[in-house]
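These notes are about the structure you will find just below.
The values are calculated or read from the model by the stated rules, or taken from the named source; none is laboratory data. Everything numeric in this text was worked out from a predicted model, so none of it was measured. So basically every Cβ, Gly included, is an ideal-geometry build from the backbone, and we count neighbours across all protein chains shown.
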Amino acid sequence: MMLFGGAQAAVGAVLVGRLGWLAVAENEKYQLMSENNRVQIIPVPPRRGWIVDRYGKPIAINRSSFRVDLIPQQLENPEPTLRTLAELLRLDSDDLDRIISDLKQSRGFQPVGVADNVTYEDYAAVTVRLPELAGVSASRGFSRYYPAGPAVAHLVGYVGTPSAQDYEKTKDPLFLTPGFKIGKQGLEKTLEPYLRGQPGGQRVEVTARGKLVKELDPKPDRSGETVQLTIDAGIQEYAARRMGPESGALVALDVESGDILAFVSMPAFDPNSFSRGIGRTEWKMLSENDHLPLLNKIAQGLYPSGSTIKPAMALSFLKQGIDPSRKVNCPGGIQIGNRYFRCDKVHGLMDMHSAIERSCNTYFWATGLKTDPQQTTEMVSYLGYGDAFDLPLAAQRYGTMPNPKWLESKYHRKWQAYDTANTSIGQGYVLINPLQLAVMPGRIASGKLIQPRLLMGTPRKPIPPLNVDAEHLEFVRKAMASVVNDSGTAVASKLPLDGILMAGKTGTAQVFRLGERGHQSNWALRDHALFIAFAPADKPRYAIGCIIEHGGFGASAAAPIVRDTMTYFFDQQKAWAALAPLEQQWGGTLAERNARQLDAFKATARANVA
Amino acid sequence: MISSAIIPQPLAKLPWRLLLLITVIATIGLLTLYSAAGGSVTPWALKQAVIFLIFVTIAVGMSWLKESSIKSTAFPLYTAVLIMLVLVELLGFVGKGAQRWLDIGPIRIQPSEFMKPAIVLVLARFYELLPPGDIRRWRAIWPAALLLGIPAALILVQPDLGTAIMIVLIGSTVMFVAGLPWWLFAGAFGALATAAPVAYSFMHDYQRKRVLIFLNPESDPLGAGYHITQSKIAIGSGGLFGKGYLQGSQSHLDYLPEGHTDFVFSTMVEEWGFLGGVILIFCFALVIRWGMRVSLRARTRFAQLAAAGLSATIFFYVAINLMMVMGLAPVVGVPLPLVSYGGSAVMTVMLCIGLLMALERQQRTASGLSTSRIPA
């Protein structure tokens with residue numbers, strides 16, 4: 001009896017002890033858990049940091065927008081809901097296709113964007129009918145906006161809704177928040193950690209069933225950092241528009257600092273349509289285009305350098321003691337081994353200066369054979385061809401600058417005379433990207449070993465001078481000035497400015513067959529046109545490298561674009577005046593042409609469906 | 001006992017201290033139910049108040065029962081409840097599901113509830129009839145084990161694990177108090193421990209789940225372990241003085257499931273804190289102590305055993321429920337008597353208290369007389 005009473009008392013003591021342990025000793029832990037239950041945070045995506053140009057002009061910004069999303073998990077009647085939405089928001093079959101395919105791919109809790117940048121009226125119309133539209137969420141938010149559209153497409157890339165794989169990697173609930181976008185391409189992707197920011201949230205008290213009881217004070221978000229680029233938004237947009245209907249790339253540099261002022265790859269997609277969620281028709285249009293608007297030609301395109309290699313070649317000749325006044329006769333070609341290498345025309349007696357000015361291949365073939373191929377190619381590499389640069393680009397293909405050692409290890413064969421010949425005029429194994437095409441004239445112009453930079457924020461390192469004789473550099477610069485200003489290959493592209501001369505070098509890279517030049521009716525088989533330049537010729541400040549795919553002669557396709565872009569640096573009005581008649585001829589500005597192209601494509605797609 | 005000239009003799013003879021304790025406990029219950037309903041007397045508090053009043057009246061009425069009549073009803077009552085249990089089992093078999101109650105016209109009877117006082121009375125009666133010298137013999141054990149085992153088995157297969165465990169615990173208590181050797185219980189406990197894995201294999205899925213979750217509630221916090229986890233959060237977040245009346249977020253926002261029935265203690269402690277919880281436990285302890293004293297002072301073996309068994313019934317109710325809500329025992333569905341919403345537990349506990357009051361009254365009224373044992 002007493003034993004039983006004692007046992008009861010003991011149990012009572014255990015109960016009180018346990019109660020004390022839970023409620024007093026562990027109180028803090030459970031209080032936190034209770035708060036976590038009570039208060040839910042509805043994440044608000046942070047505003048993405050801006051991307052601005054070197055003068056603070058916006059390149060990528062956020063616009064306040066209304067948006068409508070679908071939460072697949074809560075979607076009860078997908079078909080009638082979609083029909084109602086299509087009616088309210090005037091969605092076309094293209095949008096619906098995208099939504100349906102997104103719905104199939106999405107995980108239950110991951111929102112699928114229906115429409116971005118909805119007008120207030122449409123937003124209100126959806127809001128009113130929300131009770132009957134289970135699984136539809138209408139919200140206010142921000143959407144990414146690129147004022148220059150396609151002109152900056154390959155520079156900044158675009159943003160998009162995180163994919164299921166992105167979520168799997170991080171498990172960050174923010175990735176499931178409607179309206180949250182991450183960088184998918186270009187700088188938007190590589191600079192993601194800086195641009196994203198810290199999400200805020202609407203703190204709400206909710207019941208276990210998810211019913212909202214009351215709103216508590218919100219937790220503010222912290223917007224992402226603003227990233228300043230070395231880009232000059234003005235020159236970027238001008239160059240992009242000046243390219244017109246061509247397919248190509250242009251890079252402009254500040255020759256003293258290596259700052260990239262323009263980074264243009266055309267044609268391009270409109271990054272605004274990607275951040276909205278691209279339609280199937282538009283995607284099809286972009287991916288079927290033979291001018292490859294989805295390819296970043298600066299980072300991904302590789303081309304033979306053509307004659308743009310010649311200034312670098314000349315420098316290595318000089319370094320190896322070749323007398324610049326030494327004359328070579330050009331009878332229209334040269335016999336090397338058992339093959340006759342044909343020059344563009346019969347140049348007659350050429351010295352180094354005139355060979356650069358008039359781009360005589362015979363001189364470079366003949367002189368190349370007199371020098372050491374390893375030393376010669378090393379100089380070209382030193383000036384930037386085949387070089388990889390430390391830039392925030394997702395992928396960079398840096399091509400090849402061949403040399404005897406490389407050839408031995410890669411193809412296990414000895415360097416031959418025809419290798420020298422091919423390399424001397426930038427053919428054969430020589431493959432470069434458009435960035436290198438700007439770095440080389442930049443290094444020659446400044447005499448410094450500049451490295452291209454894209455971010456203003458990275459610390460500036462002292463730039464060492466080129467390990468090249470100053471007189472040799474001056475000689476090559478003068479020769480390049482003659483290319484444009486005397487009787488060279490690009491005299492048609494003189495700057496229309498008083499007292500400012502441009503120095504340059506044309507290049508034509510064979511695509512189809514060596515030797516035969518002239519008009520090719522098949523666009524895809526035409527030669528690539530290249531042009532490198534710096535200005536002013538006497539006190540260089542800017543360097544430009546430009547490649548126009550299948551543009552024909554460098555002088556005719558690439559040089560005028562470089563001339564006008566270079567003009568823009570010194571006299572914007574003159575540059576715009578040069579562009580106006582061209583755009584009229586092409587049928588409108590870049591934005592107008594893009595829009596019209598899309599409309600036409602959509603019309604064809606519709607016609608095909610019907 | 002209040003003795004005043006103004007109060008009539010029969011009223012003055014009621015155990016007022018006990019009734020006051022019971023009322024305090026029930027009031028705490030009603031306040032908690034009012035809070036659990038979001039500050040409303042409906043749907044629980046008002047109904048519960050009515051149920052409480054009805055059963056308090058019945059209990060007070062029962063306090064005039066004579067020990068002799070209680071004694072004489074022990075076997076008939078036990079037999080009747082046993083028959084009802086068999087009936088329930090048959091109906092359940094027909095209805096293809098768990099069946100725990102009988103519908104008799106407008107009322108619903110859950111026979112397993114009646115079995116709690118019935119098993120106490122019948123075992124008390126059995127050991128009274130057993131000659132004292134036989135208590136160490138085999139015949140002191142097997143009839144009692146049978147009396148206990150049959151209803152326990154019937155309830156277990158209903159299935160109602162919580163009530164079955166309680167019946168066994170209550171019956172064992174009576175047998176222990178009756179003087180059966182302790183090693184018997186130790187042996188039974190040991191046997192149980194070895195048999196547990198076997199029992200586990202015979203359990204229903206939901207019962208297995210409950211056992212598993214009891215062993216590790218945090219393993220599945222959003223699934224089946226939800227009950228225990230949320231209950232511990234509610235109790236733990238109460239702190240020393242609680243979050244304040246009507247301020248419990250766990251119960252008001254529905255995170256705590258069954259906050260008005262099995263987990264009513266968690267609802268209460270969340271708002272009243274450690275202090276409120278201790279006061280309630282203390283009140284129950286006083287009620288049980290009162291019952292145990294009735295047992296101690298008993299002059300007949302029947303009264304002694306019955307009082308101990310009835311007190312034990314209240315004790316096991318409270319202990320199992322509190323251990324359950326604080327994560328010391330698996331969730332077996334035992335309510336907190338007088339506090340949890342629902343009539344069954346109130347009925348059982350008030351029947352026990354009514355019987356205890358009757359036994360206590362006999363002690364007082366018999367005190368002056370020289371009553372010897374009432375023959376069976």
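Only one of the numbered conditions (1) away from chain A (no Cβ under 12 Å); (2) touching an Asp or Glu at 6+ places or on another chain (Cβ under 7 Å) is not met by B:Arg299, and that is (2).
Given the condition in the same structural domain as A:Thr367 (by TED's automatic domain parsing), small (Gly, Ala, Ser), without any contact (Cβ under 8 Å) to a residue 40 or more places away in the chain and over 22 Å from A:Val251 (Cβ atoms), answer yes or no: does some residue in segment A:438-448 qualify? Checking segment A:438-448: not a single residue is in the same structural domain as A:Thr367 (by TED's automatic domain parsing), small (Gly, Ala, Ser), without any contact (Cβ under 8 Å) to a residue 40 or more places away in the chain and over 22 Å from A:Val251 (Cβ atoms). In this structure, is A:Ala13 more than 9 Å from chain B (Cβ to nearest Cβ), modelled with pLDDT of 90 or more, in a strand (DSSP E or B) and over 19 Å from B:Ala234 (Cα atoms)? It is false that A:Ala13 is more than 9 Å from chain B (Cβ to nearest Cβ), modelled with pLDDT of 90 or more, in a strand (DSSP E or B) and over 19 Å from B:Ala234 (Cα atoms). Considering segment A:293-325, the residues that are without any contact (Cβ under 8 Å) to a residue 40 or more places away in the chain and more than 28 Å from A:Phe389 (Cα to Cα) include one that is surrounded by the most Cβ atoms within 10 Å (Cβ to Cβ), namely A:Asp323. In segment B:122-138, the condition of being assigned to a helix (DSSP H, G or I), over 16 Å from B:Tyr78 (Cα atoms) and in contact with an Asp or Glu (Cβ under 8 Å, 6 or more places away or on another chain) is met by no residue. When restricted to residues that are in contact with a helix residue (DSSP H, G or I) (Cβ under 8 Å, 6 or more places away or on another chain) and part of a loop (DSSP other than H, G, I, E, B), segment A:313-336 contains 7.
Quick one: is A:Ala60 of a type in the set (A, V, I, L, M, F, W, C), surrounded by 15 or more Cβ atoms within 10 Å (Cβ to Cβ) and free of Cβ contacts under 8 Å to residues at least 12 places away in the same chain? Here the answer is no, as A:Ala60 does not meet what is asked.
Per this entry, B:Ala118 is not counted among residues that are part of a helix (DSSP H, G or I) and surrounded by fewer than 21 Cβ atoms within 10 Å (Cβ to Cβ). The residue list A:Gly399, A:Gly332 contains one member that is small (Gly, Ala, Ser), within 18 Å of A:Ala509 (Cβ to Cβ) and at pLDDT below 90, which is A:Gly399. Tell me, yes or no, whether segment B:206-223 has at least one residue that is crowded, with 21+ Cβ neighbours inside 10 Å, modelled with pLDDT under 85, within 14 Å of chain A (Cβ to nearest Cβ) and within 25 Å of A:Val39 (Cα to Cα). Yes, segment B:206-223 contains at least one residue that is crowded, with 21+ Cβ neighbours inside 10 Å, modelled with pLDDT under 85, within 14 Å of chain A (Cβ to nearest Cβ) and within 25 Å of A:Val39 (Cα to Cα). For segment A:375-400, a residue qualifies if it is in contact with a Phe, Trp or Tyr (Cβ under 8 Å, 6 or more places away or on another chain) and within 20 Å of A:Ile336 (Cα to Cα), and exactly one does: A:Thr376.
Do we find a residue being surrounded by fewer than 23 Cβ atoms within 10 Å (Cβ to Cβ), within 14 Å of chain A (Cβ to nearest Cβ) and not polar (S, T, N, Q) anywhere in segment B:332-353? Taking every residue of segment B:332-353 in turn, none turns out to be surrounded by fewer than 23 Cβ atoms within 10 Å (Cβ to Cβ), within 14 Å of chain A (Cβ to nearest Cβ) and not polar (S, T, N, Q). Here A:Leu530 qualifies as buried (at least 18 other Cβ atoms within 10 Å of the Cβ), in the same structural domain as A:Phe263 (by TED's automatic domain parsing) and either at negative phi or touching a Cys at 6+ places or on another chain (Cβ under 9 Å) (or both). Only residues that are of a type in the set (D, E, K, R) and touching a Lys or Arg at 6+ places or on another chain (Cβ under 8 Å) were counted across segment A:556-610, and they come to 3.
Of the candidates A:Ala535, A:Ala559, A:Ala577, the single residue that is closer than 26 Å to A:Pro304 by Cβ and free of Cβ contacts under 8 Å to residues at least 60 places away in the same chain is A:Ala535. Looking only at segment A:41-54, decide whether some residue is of a type outside the set (A, V, I, L, M), out of contact with any Cys (no Cβ under 7 Å at 6 or more places or on another chain), more than 9 Å from chain B (Cβ to nearest Cβ) and surrounded by fewer than 16 Cβ atoms within 10 Å (Cβ to Cβ). Within segment A:41-54, none of the residues are of a type outside the set (A, V, I, L, M), out of contact with any Cys (no Cβ under 7 Å at 6 or more places or on another chain), more than 9 Å from chain B (Cβ to nearest Cβ) and surrounded by fewer than 16 Cβ atoms within 10 Å (Cβ to Cβ). Sub-7 Å Cβ pairs linking a first residue in segment A:30-47 that is assigned to a helix (DSSP H, G or I) to a second residue that is among the acidic types (Asp, Glu), at least 6 apart or interchain, are A:Arg38/A:Glu205, ordered by first then second residue.
So which residues in segment B:254-296 are among the hydroxyl-bearing types (Ser, Thr, Tyr), in a loop (DSSP other than H, G, I, E, B) and either over 24 Å from A:Glu205 (Cα atoms) or more than 11 Å from chain A (Cβ to nearest Cβ) (or both), if there are any at all?
Answer for segment B:254-296, where residues must be among the hydroxyl-bearing types (Ser, Thr, Tyr), in a loop (DSSP other than H, G, I, E, B) and either over 24 Å from A:Glu205 (Cα atoms) or more than 11 Å from chain A (Cβ to nearest Cβ) (or both): just B:Thr261.
A count restricted to segment B:153-204 and to residues that are away from chain A (no Cβ under 14 Å), among the hydroxyl-bearing types (Ser, Thr, Tyr) and touching a helix residue (DSSP H, G or I) at 6+ places or on another chain (Cβ under 6 Å) stands at 1. In segment B:305-328, which residues are at the interface with chain A (Cβ under 8 Å from one of its Cβ atoms) and assigned to a helix (DSSP H, G or I)? Residues satisfying the conditions are B:Ala308, B:Ala312, B:Phe315, B:Ala319, B:Leu322, B:Met323.
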